[in-house]
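The values are calculated or read from the model by the stated rules, or taken from the named source; none is laboratory data. What you see is a predicted model; the values in this text were computed from it and never measured. Don't worry about glycine lacking a Cβ; one is built from the backbone with ideal geometry, like all the others, and counts go over all protein chains shown.
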Amino acid sequence: MNIYRNIKALPEFKNAVITIGSFDGVHSGHQKILSRVKKLADEIDGESIVITFYPHPRNILDSADREISILNTLDEKIKHIENIGIKNIVVVPFSFEFSQQAPREYIENFIIACFHPKYIVIGYDHRFGLNRGGEISLFKEYEEISKFKVIEIPKQEIDDIAISSTKIRKALQAGNIEDANLFLNHPYILTGKVVHGDKLGTKLGYPTANLQISEKDKLIPLEGVYAVKIDIDEHFFEGMMYIGKRPTVTNQPDINIEINIFDFNQNIYDKFITIQILKFLRQDIKFKNLEELKEQLKVDEKNAILALDEINQFTKKVAKITIAVLNYNGVELLESYLPMMEYSSSKYEFDILVIDNHSDDLSVDFVKEWYPEIKMAELSKNYGYAKGYNKGLRDVQTEYVVIINSDVLVTENWLDPIIDEFEKDKYLGCAQPLILSLESRSKFEYAGAAGGFLDNLGYPFCRGRIFDNVENNENQYNTNTEIFWASGAAMVCKTKLFKDLGGFDEGFFAHQEEIDLCWRMKQAGYRIECIATSKVYHLGGGTLDYQNPKKDFLNFRNNLYLLTKNENLSKLIWLIPAKLLLDGIAGLKFLAEGKPKSTLAVIRAHMSFYIHLPLVFERKNKEHIWIQRNKVNPANNKARYSGSIVWKYFVERKKKFSDIKF
């Protein structure tokens, strides 16, 4: 992270995405705003910037006799913001003179002149400038002139922020550390320097590190004993902490903070350490004598160990899988199919992520209101399927990622047999379940069926679906089988492999990008599999109707992209002219069927392909490097059909996959 403390010496930021505030506590409400800034900056390849103030503005503007308790020291705040992934923080030296800027002066001479932002992320009630006279409407007056966009955080979220700040302070003062940590979404911390004490703890058999807090305004929780973790030079230890005035041994008015670190004997005097406060054990008590205090310390130690063990067991439940649902104006689909996603596995921990392609319906509001536990990635425009997923998955760190359409109804625990296969086979790169029709559950579904294959001319087909002929499910494909490609309607990938191979090719926009990705995986020596013991139901056409001419355009164009990128040059010399001929025949067939728009789509597809051919070869060269870097085995050509599915289907009248001999 870059930290700037002099606003007169700032660099020229590229595509700055900024937010402004005190961010005391960097609690769960703040984290939503900061995550939005980070994701927006990542999305536009810009720089995330937090503008904050020191000292706290209330110390300058409020009356001198008003007691102010802050949740973070400046260094603690910076650390929390860094942990979220923000790249730049600007600490503005807040002064009375700074507060006297008129609102327009503040925007023009500070925000625009110093940052030249692309986006400003602020709350609906954000106030700024002299007497807090500026509001969001004034920022929006400058949008067109200064070429930035204001992202307004809605009332509900801002109100939650105000409420949680108050609740956090009250919870800490009452010793309700679990509630405070819940609102913060991280442990409340105390940071300070270890100083010498009177060695009483050593005499009692419980040596302590005495903590000196540097910030006089830092809020100290209720006096008593706590279970804690201690960060010493980024190494974590467990222990218990006492906060109080030591009534058993002295009547001094000052608060002492003493930490007993379990199984620890290092000299840490004069070191700065950080205490994570995790559980309140008891209030401060005045004992009759030191022997009684010593006996209580034994009880405190036992209770602290039990509390920390319980916390450790809970925190071990880290998600292994991210279920990522791409959405655009699909609130009705989310209402229908999102609830069942929560029953995807009873064996593996998973998160659900909705990636929203800048919907203008109620999709985002619906998810936030009814499923607050579900993560959201809100994109600034509709990037389509390929780029939308790439941008939405940028921050995902789980071992596996599920890419699934919003119109898919999953079955209970459908992920368990798929992840079981991944855990057994390190060379499995991607997999899919059986995909059945939601409207006719006895049939396979067009988009993927029982696994995808590719013929010698690059035509995709499936077990259970060849061209428009979809088979009934009669358990004929109920065995796990290696396939050539997994359906983008419901596919599971190794997250790192997905990213290392470049994700989806964004030039595709939508359709066949999953075949392209799987082909890269196979060139790197990985396997693709259909797991027949898992099944889901796909509505099909829920996002784009199968008969839509736009889909025809994308399918014909993207198939040319697919082949050019993944076949060798010697084959392309004859393959591309052959595709031109065959696609021309398909165009004439569309015309004969009374579908002139589909015929036009075929013509447009070829024109677009030839225009973009240099870019396709540029991408091909990049992907060759990625494949070589991640190669684990020789190229895997299993499930590639050496014949022509067009010949088999239209000439030999082979309508079912089981009729095709490999």
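Any residue in the range 523-531 that is over 26 Å from the mean Cα position of the chain (by Cα), in the same structural domain as I404 (by TED's automatic domain parsing) and surrounded by 24 or more Cβ atoms within 10 Å (Cβ to Cβ)? Scanning the range 523-531 turns up at least one residue that is over 26 Å from the mean Cα position of the chain (by Cα), in the same structural domain as I404 (by TED's automatic domain parsing) and surrounded by 24 or more Cβ atoms within 10 Å (Cβ to Cβ). Annotation note: of K661, K579, the sole residue that is closer than 27 Å to A450 by Cβ, crowded, with 17+ Cβ neighbours inside 10 Å, at pLDDT below 95 and over 36 Å from the mean Cα position of the chain (by Cα) is K579.
In the range 1-24, which residues are touching a helix residue (DSSP H, G or I) at 6+ places or on another chain (Cβ under 6 Å) and either of a type in the set (S, T, Y) or within 14 Å of I168 (Cβ to Cβ) (or both)? Correct list: T19, F23. For the structure I just gave you, tell me whether D42 is acidic (D, E), closer than 30 Å to E373 by Cβ, touching a Leu at 6+ places or on another chain (Cβ under 8 Å) and outside the structural domain of K216 (by TED's automatic domain parsing). Considered against the rule, which asks whether it is acidic (D, E), closer than 30 Å to E373 by Cβ, touching a Leu at 6+ places or on another chain (Cβ under 8 Å) and outside the structural domain of K216 (by TED's automatic domain parsing), D42 comes out as no.
D407 fails exactly one of the following numbered conditions: (1) crowded, with 19+ Cβ neighbours inside 10 Å; (2) among the acidic types (D, E); (3) free of Cβ contacts under 8 Å to residues at least 60 places away in the same chain. What is the number of that condition? For D407, the failing item is (3).
For the range 168-217, what are the residues that are among the β-branched types (V, I, T), touching a helix residue (DSSP H, G or I) at 6+ places or on another chain (Cβ under 9 Å) and free of Cβ contacts under 8 Å to residues at least 60 places away in the same chain? Correct list: T208 only.
Scanning the range 332-358 for residues that are part of a helix (DSSP H, G or I) and exposed (fewer than 15 other Cβ atoms within 10 Å of the Cβ) turns up E335, P339. Look at (1) out of contact with any Phe, Trp or Tyr (no Cβ under 8 Å at 6 or more places or on another chain); (2) under 19 Å from K551 (Cβ atoms) and you find that I625 fails only one, number (2). Please verify whether the range 577-588 includes one or more residues that are without any contact (Cβ under 8 Å) to a residue 24 or more places away in the chain and either under 14 Å from R557 (Cβ atoms) or touching a Ser or Thr at 6+ places or on another chain (Cβ under 6 Å) (or both). There is at least one residue in the range 577-588 that is without any contact (Cβ under 8 Å) to a residue 24 or more places away in the chain and either under 14 Å from R557 (Cβ atoms) or touching a Ser or Thr at 6+ places or on another chain (Cβ under 6 Å) (or both). Note on the range 616-634: among residues that are at pLDDT 95 or above and of a type in the set (A, V, I, L, M), the one that is farthest from A449 (Cα to Cα) is I625. Residues of the range 199-220 that are more than 20 Å from D263 (Cβ to Cβ) and among the polar types (S, T, N, Q): Q212, S214.
Note on the range 27-58: residues that are within 12 Å of Y119 (Cβ to Cβ) and among the polar types (S, T, N, Q) amount to 1. Under the condition of being touching a Gly at 6+ places or on another chain (Cβ under 7 Å) and among the aliphatic types (A, V, I, L, M), the residues counted in the range 617-645 number 2.
Only a single criterion out of (1) in a loop (DSSP other than H, G, I, E, B); (2) touching a helix residue (DSSP H, G or I) at 6+ places or on another chain (Cβ under 9 Å) is not satisfied by M491, namely (1). Under the condition of being in a helix (DSSP H, G or I) and within 30 Å of Y383 (Cβ to Cβ), the residues counted in the range 302-331 number 1.
What are the residues in the range 209-226 that are part of a loop (DSSP other than H, G, I, E, B) and at pLDDT 90 or above, if any?
Taking the range 209-226 as the starting set, the residues that turn out to be part of a loop (DSSP other than H, G, I, E, B) are 214-217, 219-223.
Matches in the range 209-226: L219, I220, P221, L222, E223.
Does I243 meet the test of being of a type in the set (V, I, T), touching a strand residue (DSSP E or B) at 6+ places or on another chain (Cβ under 8 Å) and in a loop (DSSP other than H, G, I, E, B)? Write out each step before concluding.
Numbers: of a type in the set (V, I, T): yes; touching a strand residue (DSSP E or B) at 6+ places or on another chain (Cβ under 8 Å): yes; in a loop (DSSP other than H, G, I, E, B): no.
No; evaluated as a whole, the condition is false for this residue.
Counting only strands (runs of 3 or more DSSP E) that sit wholly inside the range 359-430, those with at least 1 residues that are under 22 Å from G29 (Cα atoms) are 375-378.
To keep it simple, each residue is scored yes or no on (1) farther than 28 Å from L497 by Cα; (2) in contact with a helix residue (DSSP H, G or I) (Cβ under 6 Å, 6 or more places away or on another chain); (3) among the aromatic types (F, W, Y).
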| position | (1), (2), (3) |
| --- | --- |
| M521 | no, no, no |
| Y526 | no, no, yes |
| G540 | no, no, no |
| I573 | yes, no, no |
| P577 | yes, no, no |
| L580 | yes, no, no |
| F590 | yes, yes, yes |
| I603 | yes, no, no |
| V616 | no, yes, no |
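Could you look through the range 423-447, keep only residues that are of a type outside the set (D, E, K, R), touching a strand residue (DSSP E or B) at 6+ places or on another chain (Cβ under 8 Å) and without any contact (Cβ under 8 Å) to a residue 60 or more places away in the chain, and pick out the one that is farthest from Q523 (Cα to Cα)? Within the range 423-447, the match that is farthest from Q523 (Cα to Cα) is S442. Could you say whether any residue in the range 253-273 is in a strand (DSSP E or B), exposed (fewer than 15 other Cβ atoms within 10 Å of the Cβ) and not aliphatic (A, V, I, L, M)? Scanning the range 253-273 turns up no residue that is in a strand (DSSP E or B), exposed (fewer than 15 other Cβ atoms within 10 Å of the Cβ) and not aliphatic (A, V, I, L, M).
Residue-wise test of (1) modelled with pLDDT under 90; (2) surrounded by 13 or more Cβ atoms within 10 Å (Cβ to Cβ); (3) under 30 Å from D284 (Cα atoms); (4) of a type in the set (A, V, I, L, M).
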site: R104; (1), (2), (3), (4): no, yes, no, no
site: F110; (1), (2), (3), (4): no, yes, no, no
site: G133; (1), (2), (3), (4): yes, yes, no, no
site: I136; (1), (2), (3), (4): yes, yes, no, yes
site: E152; (1), (2), (3), (4): yes, yes, no, no
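V299 passes every criterion in (1) in contact with a helix residue (DSSP H, G or I) (Cβ under 6 Å, 6 or more places away or on another chain); (2) surrounded by fewer than 17 Cβ atoms within 10 Å (Cβ to Cβ); (3) not in a loop (DSSP other than H, G, I, E, B) apart from (1). Can you find a residue that is assigned to a loop (DSSP other than H, G, I, E, B) and over 19 Å from L428 (Cβ atoms) anywhere in the range 569-587? Among the residues of the range 569-587, not one is assigned to a loop (DSSP other than H, G, I, E, B) and over 19 Å from L428 (Cβ atoms), which makes the answer no.
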